[in-house]
Amino acid sequence: MSHQITLKKDKPIKKKKFLSPIFLFLGVLTLSSGLSLGIREIGYADVKAYYFEDTKVYDDSYVNPATVDLQFPKKKRNLVYIYLESMESSYADKSIGGTEEENLIPELSDMALHEGIQFSHNDSGQLGGMMQIPGANQTASSMVSQTSGAPLRASNGVLDVNAYGKEEPGAFFPGVYSLGEVLENEGYNQMLFIGSQAEYAGRKAYFQQHGNYEVRDYHWAKEEGLIPEDYYEWWGYEDDKLFDFAKDSLTDIADREEPFNFTMLTTDTHFEDGYATDKTPDLFGDQYSNVIHDSDQKVSEFIEWMKTQPFYDNTTVVLVGDHLTMDKDFFEDIDPNYQRSIYNVFLNTGKTEFKDNNRLFSAVDMYPSTLAALDVQIPGDELGLGVNLFSDKKTLMEQMGYEKFDQEMTKRSDYYDKYLMQGSDYDVEQKADN
């Protein structure tokens, strides 16, 4: 099998008939230097995959959501989708599948085990969750993956995804057809509500281009006079204000005649050590543990408030982590064989038949599963690379195994480049090179 390295999309390196010794030496030196830099920056496995390995997962298994005849119920359900920064099921206590002596997330644990539906890699009665994969291991990439059914792998992993979206590209992941686009076409009003700057990593571009979301972020809060002009804490403004401000915005969108999708992102639990205020209780003698527990309480209070609102009965709520924590030392002493996982729970779905335990799944499976939680019928139960977890169909990860699927997601794909990225990442990479 031969492999051809490409510098830009559809522009293969031209082969020369003759190479003088000096040019051959310089070429080898340059390639060696480039590989060395790449290995240092993104790791040997990704460099090896980018230059020497192809995957056929997209050719064989990708289902274009735009071609699927989705059937919505007569009365469309509202959606509240909350991304919980760095929220792991691992923060629970050992008796229910976590790593801690004391449960840092008692309210989220109770929602997952007793109130809603959590999909878990563990046995019944144990907290678990989804597996992290390449292309869904940062906030922006996970948000994209969960709503598009495809990992975000700019330049096949060579270009950092945060750099990909840095300059609000006019075409962000142009080939995907996302949850936002599906709901937009069904008449939903949609809002992205975050306390940071939405343009960071292209989040504003993605959600506006794929669903025409109204964006209310850090800049919006300043414009509305909710925070002072010179206010800046943590990543913009803290979650204590976020949940407070969100009540008015959620009420606003819920008061409109059309169904709604209110999407929100927390940030206090971001690394390193999280964001603690003078109101954060010191219960564990460790700042990150305190912040995680405080976030658990804030989320629970927000859900309890929603339950008292007139829109709640017809609203499905999805709580899900974006990725495993990047805090470098929080889990340094745990059992190396312990499988960390990302938290998830579906609330107020009305679903009664499903297999929720001993599952293997990732961010891409959240897309069809979220639509199914809204009572949308999905012929074939597949969208993108994702599989509807409420169905009896196995996910690609379950079919292939976690390690194999994870490895396939690091490899380059001509299908991905041609049909999903459509060269948009190479345009950004070229600007960076210049």
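Applying the set (1) open to solvent by less than 40 Å² (accessible area, probe 1.4 Å); (2) not in a helix (DSSP H, G or I) to residue 246 leaves exactly one unmet item: (2). Select from the stretch 164-188 the residues that are open to solvent by less than 40 Å² (accessible area, probe 1.4 Å) and in a helix (DSSP H, G or I) and list them in ascending order. If the condition is that a residue be open to solvent by less than 40 Å² (accessible area, probe 1.4 Å) and in a helix (DSSP H, G or I), then 164, 179, 180, 181, 182, 183 are the ones that fit. Considering only residues in the stretch 398-426 that are among the acidic types (Asp, Glu) and open to solvent by less than 90 Å² (accessible area, probe 1.4 Å), the one that is modelled with the lowest pLDDT turns out to be 425.
Looking at the stretch 277-296, is at least one residue surrounded by 17 or more Cβ atoms within 10 Å (Cβ to Cβ) and in a loop (DSSP other than H, G, I, E, B)? The answer is yes, given that some residue of the stretch 277-296 is surrounded by 17 or more Cβ atoms within 10 Å (Cβ to Cβ) and in a loop (DSSP other than H, G, I, E, B).
Being open to solvent by 60 Å² or more (accessible area, probe 1.4 Å) and touching an Asp or Glu at 6+ places or on another chain (Cβ under 7 Å) is the filter here; which residues of the stretch 249-271 pass it?
Step one: filter the stretch 249-271 for residues open to solvent by 60 Å² or more (accessible area, probe 1.4 Å), giving 255-258, 271.
Matches in the stretch 249-271: 271 only.
Flag: residue 311 matches the condition of being in contact with a strand residue (DSSP E or B) (Cβ under 8 Å, 6 or more places away or on another chain), among the aromatic types (Phe, Trp, Tyr) and under 25 Å from residue 113 (Cα atoms). Taken over the stretch 258-267, residues that are assigned to a loop (DSSP other than H, G, I, E, B) and farther than 16 Å from residue 217 by Cβ amount to 2.
Can you find, within the stretch 341-397, the residue that is farthest from residue 141 (Cα to Cα) among those that are open to solvent by less than 10 Å² (accessible area, probe 1.4 Å) and of a type in the set (Phe, Trp, Tyr)? Selected residue: 346. Output the residues belonging to the stretch 123-144 that are surrounded by 23 or more Cβ atoms within 10 Å (Cβ to Cβ), within 12 Å of residue 409 (Cα to Cα) and touching a Leu at 6+ places or on another chain (Cβ under 9 Å). Within the stretch 123-144, 135, 136 qualify. Looking only at the stretch 145-200, residues that are among the small types (Gly, Ala, Ser), in contact (Cβ under 8 Å) with a residue 40 or more places away in the chain and out of contact with any helix residue (DSSP H, G or I) (no Cβ under 7 Å at 6 or more places or on another chain) come to 1 in all.
The values are calculated or read from the model by the stated rules, or taken from the named source; none is laboratory data. Just so it is clear, the model here is predicted, and its values are computed rather than measured. With ideal geometry, Cβ positions are generated from the backbone for all residues, glycine too; neighbour counts draw on all protein chains shown. Areas reflect the complete protein model, heavy atoms only, side chains present, ligands, DNA and RNA absent. Shrake-Rupley method; radii C 1.70, N 1.55, O 1.52, S 1.80 Å.
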